[in-house]
(Lines give C-alpha, C1' and ligand atoms only; values in the text may rest on other atoms or scores of the structure.)
Protein backbone atom coordinates (compact mmCIF):
# COMPACT_ATOMS: atom_id res chain seq x y z
CA UNK A 1 0.00 0.00 0.00
CA UNK A 2 1.77 3.12 -1.19
CA UNK A 3 1.44 6.40 0.64
CA UNK A 4 0.98 9.61 -1.33
CA UNK A 5 3.56 12.27 -0.47
CA UNK A 6 2.64 15.43 -2.38
CA UNK A 7 1.13 17.15 0.67
CA UNK A 8 1.35 16.54 4.39
CA UNK A 9 -2.42 16.61 5.02
CA UNK A 10 -5.30 15.62 2.75
CA UNK A 11 -9.04 16.17 3.05
CA UNK A 12 -12.24 15.04 1.42
CA UNK A 13 -11.89 18.06 -0.90
CA UNK A 14 -8.67 16.48 -2.28
CA UNK A 15 -10.40 13.11 -2.52
CA UNK A 16 -13.15 14.63 -4.67
CA UNK A 17 -10.56 16.05 -7.09
CA UNK A 18 -8.74 12.76 -7.68
CA UNK A 19 -9.36 10.42 -10.61
CA UNK A 20 -12.23 8.15 -9.61
CA UNK A 21 -10.33 5.12 -10.93
CA UNK A 22 -7.65 5.59 -8.26
CA UNK A 23 -8.19 3.62 -5.06
CA UNK A 24 -7.18 6.05 -2.31
CA UNK A 25 -8.24 6.37 1.31
CA UNK A 26 -7.53 9.24 3.69
CA UNK A 27 -7.00 8.42 7.35
CA UNK A 28 -6.46 11.32 9.74
CA UNK A 29 -5.29 13.46 6.83
CA UNK A 30 -2.82 10.89 5.50
CA UNK A 31 -3.51 9.48 2.02
CA UNK A 32 -3.03 5.79 1.24
CA UNK A 33 -3.09 4.40 -2.28
CA UNK A 34 -4.58 0.91 -2.36
CA UNK A 35 -3.67 -1.93 -4.68
CA UNK A 36 -6.22 -3.21 -7.16
CA UNK A 37 -8.04 -6.16 -5.56
CA UNK A 38 -7.47 -9.69 -6.85
CA UNK A 39 -10.16 -11.65 -8.65
CA UNK A 40 -10.53 -13.90 -5.57
CA UNK A 41 -11.03 -10.85 -3.34
CA UNK A 42 -13.73 -9.55 -5.69
CA UNK A 43 -15.49 -12.94 -5.89
CA UNK A 44 -15.69 -13.07 -2.09
CA UNK A 45 -16.99 -9.49 -1.87
CA UNK A 46 -19.54 -10.15 -4.57
CA UNK A 47 -20.91 -13.29 -2.91
CA UNK A 48 -21.23 -11.71 0.54
CA UNK A 49 -22.80 -8.61 -1.04
CA UNK A 50 -25.18 -10.77 -3.07
CA UNK A 51 -26.39 -12.68 -0.02
CA UNK A 52 -26.80 -9.47 1.98
CA UNK A 53 -28.56 -7.74 -0.91
CA UNK A 54 -31.00 -10.64 -1.32
CA UNK A 55 -31.83 -10.53 2.40
CA UNK A 56 -32.21 -6.74 2.43
CA UNK A 57 -34.47 -6.54 -0.63
CA UNK A 58 -37.46 -4.38 0.30
CA UNK A 59 -35.98 -3.48 3.71
CA UNK A 60 -34.71 -0.15 5.05
CA UNK A 61 -31.04 -1.17 5.30
CA UNK A 62 -28.99 -1.19 2.09
CA UNK A 63 -25.70 -2.82 1.11
CA UNK A 64 -22.99 -0.79 -0.64
CA UNK A 65 -19.93 -2.49 -2.18
CA UNK A 66 -16.62 -0.73 -2.80
CA UNK A 67 -15.80 1.67 -4.21
CA UNK A 68 -18.04 3.61 -1.83
CA UNK A 69 -16.65 6.51 0.18
CA UNK A 70 -17.41 6.54 3.90
CA UNK A 71 -16.68 9.74 5.81
CA UNK A 72 -16.67 8.18 9.26
CA UNK A 73 -16.45 11.33 11.37
CA UNK A 74 -18.15 13.95 9.20
CA UNK A 75 -20.49 16.26 11.10
CA UNK A 76 -23.57 17.96 9.62
CA UNK A 77 -21.92 21.35 9.05
CA UNK A 78 -18.50 20.09 7.94
CA UNK A 79 -17.19 21.23 4.57
CA UNK A 80 -15.11 18.83 2.43
CA UNK A 81 -12.00 20.75 3.55
CA UNK A 82 -12.76 19.83 7.19
CA UNK A 83 -13.16 16.08 6.65
CA UNK A 84 -9.83 14.28 7.04
CA UNK A 85 -10.92 10.62 7.01
CA UNK A 86 -12.51 8.87 4.02
CA UNK A 87 -12.36 5.08 3.78
CA UNK A 88 -13.71 2.65 1.22
CA UNK A 89 -14.76 -0.55 3.01
CA UNK A 90 -15.18 -3.62 0.85
CA UNK A 91 -18.84 -3.80 1.95
CA UNK A 92 -20.96 -1.40 4.00
CA UNK A 93 -24.48 -1.91 5.30
CA UNK A 94 -26.27 1.31 6.20
CA UNK A 95 -29.68 1.41 7.85
CA UNK A 96 -30.07 5.17 8.37
CA UNK A 97 -30.94 6.65 4.97
CA UNK A 98 -30.04 10.14 6.27
CA UNK A 99 -26.38 9.09 6.21
CA UNK A 100 -26.44 8.52 2.43
CA UNK A 101 -25.72 11.33 0.00
CA UNK A 102 -24.50 11.52 -3.60
CA UNK A 103 -20.88 11.22 -2.41
CA UNK A 104 -21.31 8.13 -0.23
CA UNK A 105 -21.90 7.85 3.51
CA UNK A 106 -21.66 10.51 6.23
CA UNK A 107 -20.93 8.76 9.52
CA UNK A 108 -20.54 5.16 10.56
CA UNK A 109 -22.19 2.31 8.64
CA UNK A 110 -24.01 -0.25 10.78
CA UNK A 111 -21.92 -3.12 9.38
CA UNK A 112 -18.52 -2.98 7.71
CA UNK A 113 -16.87 -5.97 6.02
CA UNK A 114 -13.23 -5.97 4.96
CA UNK A 115 -11.69 -8.83 2.96
CA UNK A 116 -8.00 -9.26 3.75
CA UNK A 117 -5.38 -9.17 1.04
CA UNK A 118 -1.61 -9.28 1.51
CA UNK A 119 -1.31 -5.51 1.14
CA UNK A 120 -4.19 -4.61 3.51
CA UNK A 121 -3.83 -6.98 6.46
CA UNK A 122 -2.28 -4.48 8.88
CA UNK A 123 -4.60 -1.70 7.76
CA UNK A 124 -7.78 -3.81 8.11
CA UNK A 125 -6.88 -5.58 11.35
CA UNK A 126 -5.42 -2.67 13.26
CA UNK A 127 -5.85 0.82 11.84
CA UNK A 128 -9.33 0.41 10.35
CA UNK A 129 -10.51 -1.72 13.25
CA UNK A 130 -9.67 1.17 15.60
CA UNK A 131 -11.27 3.74 13.25
CA UNK A 132 -14.48 1.75 12.90
CA UNK A 133 -14.65 1.20 16.64
CA UNK A 134 -14.14 4.92 17.36
CA UNK A 135 -16.72 5.92 14.73
CA UNK A 136 -19.39 3.64 16.21
CA UNK A 137 -19.67 0.89 13.58
CA UNK A 138 -21.91 -1.65 15.30
CA UNK A 139 -20.49 -4.79 13.64
CA UNK A 140 -17.19 -5.42 11.85
CA UNK A 141 -16.29 -8.51 9.84
CA UNK A 142 -12.75 -9.41 8.82
CA UNK A 143 -12.84 -12.02 6.07
CA UNK A 144 -9.64 -14.04 5.61
CA UNK A 145 -9.56 -15.74 2.19
CA UNK A 146 -6.30 -17.56 2.95
CA UNK A 147 -7.65 -19.34 6.06
CA UNK A 148 -11.28 -19.27 4.88
CA UNK A 149 -12.52 -17.67 8.09
CA UNK A 150 -14.71 -14.77 9.09
CA UNK A 151 -14.03 -12.97 12.37
CA UNK A 152 -17.18 -11.17 13.53
CA UNK A 153 -16.78 -8.34 16.02
CA UNK A 154 -19.50 -6.36 17.74
CA UNK A 155 -19.30 -3.50 20.21
CA UNK A 156 -19.81 -4.08 23.93
CA UNK A 157 -21.36 -1.67 26.44
CA UNK A 158 -18.08 0.28 26.55
CA UNK A 159 -18.20 0.70 22.74
CA UNK A 160 -15.18 -1.55 22.25
CA UNK A 161 -15.06 -4.30 19.65
CA UNK A 162 -14.85 -7.86 20.90
CA UNK A 163 -14.81 -11.07 18.88
CA UNK A 164 -18.39 -12.34 18.82
CA UNK A 165 -17.58 -15.40 16.74
CA UNK A 166 -15.06 -16.87 14.30
CA UNK A 167 -16.63 -18.86 11.49
CA UNK A 168 -15.06 -21.35 9.09
CA UNK A 169 -15.80 -22.38 5.52
CA UNK A 170 -18.60 -24.82 6.38
CA UNK A 171 -20.37 -22.49 8.81
CA UNK A 172 -23.34 -20.20 8.40
CA UNK A 173 -22.38 -16.80 9.79
CA UNK A 174 -24.95 -14.78 11.70
CA UNK A 175 -25.22 -11.07 10.90
CA UNK A 176 -25.90 -9.77 14.41
CA UNK A 177 -27.31 -6.36 13.42
CA UNK A 178 -29.86 -7.87 10.99
CA UNK A 179 -32.43 -10.17 12.59
CA UNK A 180 -32.68 -13.40 10.65
CA UNK A 181 -29.76 -12.71 8.32
CA UNK A 182 -27.16 -15.42 7.79
CA UNK A 183 -24.34 -15.77 5.27
CA UNK A 184 -23.57 -19.21 3.85
CA UNK A 185 -19.79 -19.33 3.91
CA UNK A 186 -19.41 -22.42 1.71
CA UNK A 187 -20.69 -20.17 -1.09
CA UNK A 188 -18.30 -17.38 -0.12
CA UNK A 189 -15.26 -19.70 -0.05
CA UNK A 190 -16.41 -21.89 -2.95
CA UNK A 191 -13.03 -22.27 -4.66
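The values are calculated or read from the model by the stated rules, or taken from the named source; none is laboratory data. Remember, predicted model here, so these are calculated numbers, not experimental data. Backbone-built Cβ (ideal geometry, glycine too); neighbour counts: all protein chains shown.
Which condition number in (1) at pLDDT 95 or above; (2) farther than 25 Å from residue 43 by Cβ; (3) not in a strand (DSSP E or B) is the one that residue 159 fails?
Single failed check for residue 159: (1).
Looking at this structure, is residue 114 closer than 16 Å to residue 41 by Cβ, at pLDDT 95 or above and touching a strand residue (DSSP E or B) at 6+ places or on another chain (Cβ under 8 Å)?
yes
Exactly one of these conditions fails for residue 93: (1) farther than 28 Å from residue 190 by Cα; (2) in a strand (DSSP E or B). Give me its number.
Going through (1) farther than 28 Å from residue 190 by Cα; (2) in a strand (DSSP E or B) one by one, residue 93 breaks only (1).
Restricting attention to the stretch 13-42, which residues are surrounded by 14 or more Cβ atoms within 10 Å (Cβ to Cβ), touching a residue at least 40 places away in the same chain (Cβ under 8 Å) and not in a loop (DSSP other than H, G, I, E, B)?
15, 25, 26, 27, 32, 40, 41
Matching residues to (1) within 17 Å of residue 50 (Cα to Cα); (2) crowded, with 21+ Cβ neighbours inside 10 Å:
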| site | (1), (2) |
| --- | --- |
| 111 | yes, yes |
| 122 | no, no |
| 137 | no, yes |
| 143 | yes, yes |
| 157 | no, no |
| 174 | yes, no |
| 182 | yes, no |
| 186 | yes, no |
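Quick test for you: out of 47, 74, 81, pick the one residue that is surrounded by 18 or more Cβ atoms within 10 Å (Cβ to Cβ) and either under 17 Å from the mean Cα position of the chain (by Cα) or modelled with pLDDT under 95 (or both).
Matching residue, one of 47, 74, 81: 74.
Considering only the stretch 97-151, state which residues are more than 27 Å from residue 39 (Cα to Cα), in contact with a helix residue (DSSP H, G or I) (Cβ under 7 Å, 6 or more places away or on another chain) and not in a strand (DSSP E or B).
The answer is 107, 108.
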